[in-house]
Amino acid sequence: MVACGGGGGTTPSGGGSISGKVIDGYIQGATVCLDLNQNNSCDTGEPSTTTSANGSYTLSYGSDAVIENIPVVGNVPVGAIDQSDGTISKAYTFAAPANNALVISPFSTLALYKIVLKINPLIGAATVLANGFTAPGGLALDASGNLYVTDQNKIFKVTPSGEKTTYAGSSTAGSNDGSLSVARFNSPTGLSISTDGTMYVADTNNDAIRRINMSTGTVSTLDLSTFNSAAYTATNTPKFVAVTSTGLYYAGSNGIFRWDGTRVTG
């Protein structure tokens, strides 16, 4: 499965067209429409078209259509073709803002509706796992199937059944270490969880990599400045972090760095 984001442009009113692609893999046979009544479906009378073999569409609308703040919906029916996974056996829907519909995909749907989707690529099903987010960012799963989501200055926990709670942080930005309720973050983005149950957080606007011991519920800050100056500089606005068998990788303003628990290399 491929999930992509993108941008485009269009005129809010006066007639015209919107062009783009519907992508999970490239989807052929999806119905794309201007969702004028905003019910997440393509209804009779709404401007619509069908995607071609590479997922492409061009959607024309009349001069009476005012499309500012109106979603473009991609309804993927049973029988449509996903170039990555084959014939779709269960219908689903993606969406994107009309002024940013170059790519209609899982990511554009998240951005539009501020939700987290659970997608089964084997049957082509996308269901809402949790909603009510402001700007969901990084995602990570623990061994029990709980999903962790960064959003503004918090980390949320979403259980497999969809129950959403605040895991760490608060609405107020800060840099405090300590317990989950005391710790503060400043626009964290990337998340990664190691096999030993340690969560690493790219705390973007604090220029820091944070470490959460998920067993004890305590947050600390990695002091990468003790290893070398380049590594410390690389933590400027970090956005991505990943744990592998060879160490912790994080991307900062100076590139991608690896911490093996003892030292940092570029």
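The values are calculated or read from the model by the stated rules, or taken from the named source; none is laboratory data. Just so you know, these numbers come straight off a predicted model, no measurement behind them. The area values use the complete protein model at the heavy-atom level, side chains included, leaving out ligands, DNA and RNA. Shrake-Rupley method; radii C 1.70, N 1.55, O 1.52, S 1.80 Å.
Rolled with a 1.4 Å probe across the full set of protein chains, the surface gives Lys90 an accessible area near 110 Å². Derived scalar couplings between HN and Hα for the stretch 198-204 equal 9, 9, 10, 10, 7, 8, 4 Hz in order, rounded to whole Hz, by the Karplus curve 6.51 cos²θ - 1.76 cosθ + 1.60 (θ = phi - 60°), x for Gly and Pro. Residues in the stretch 32-40 carry Karplus couplings, in order, of 10, 9, 8, 7, 4, 8, 6, 10, 6 Hz; the curve used is 6.51 cos²θ - 1.76 cosθ + 1.60 with θ = phi - 60°, and Gly or Pro positions show x. Shown in residue order for the stretch 87-102 are the 3J(HN,Hα) couplings computed by the Karplus curve 6.51 cos²θ - 1.76 cosθ + 1.60 at θ = phi - 60°: 6, 6, 9, 9, 5, 7, 9, 10, 7, 7, x, 4, 8, 8, 10, 4 Hz (x for Gly and Pro). Close amide H pairs (under 5 Å, H built 1.01 Å from N) link Ser170 with Phe185, residues at least 5 positions away or on another chain. Summarising the amide proton neighbourhood of Ala95: residues at separation of 5 or more, or on other chains, whose placed amide H is nearer than 5 Å comprise Gly74, Ser105, Thr109. Ordered from highest to lowest accessible area with the whole protein assembly present and a 1.4 Å probe, Ser215, Ser105, Ser220, Ser48 read as Ser215, Ser48, Ser220, Ser105.
Taking amide H positions as modeled 1.01 Å from N, with prolines and chain starts lacking one, the residues under 5 Å from Lys239 and 5 or more places away or on another chain are Ala251.
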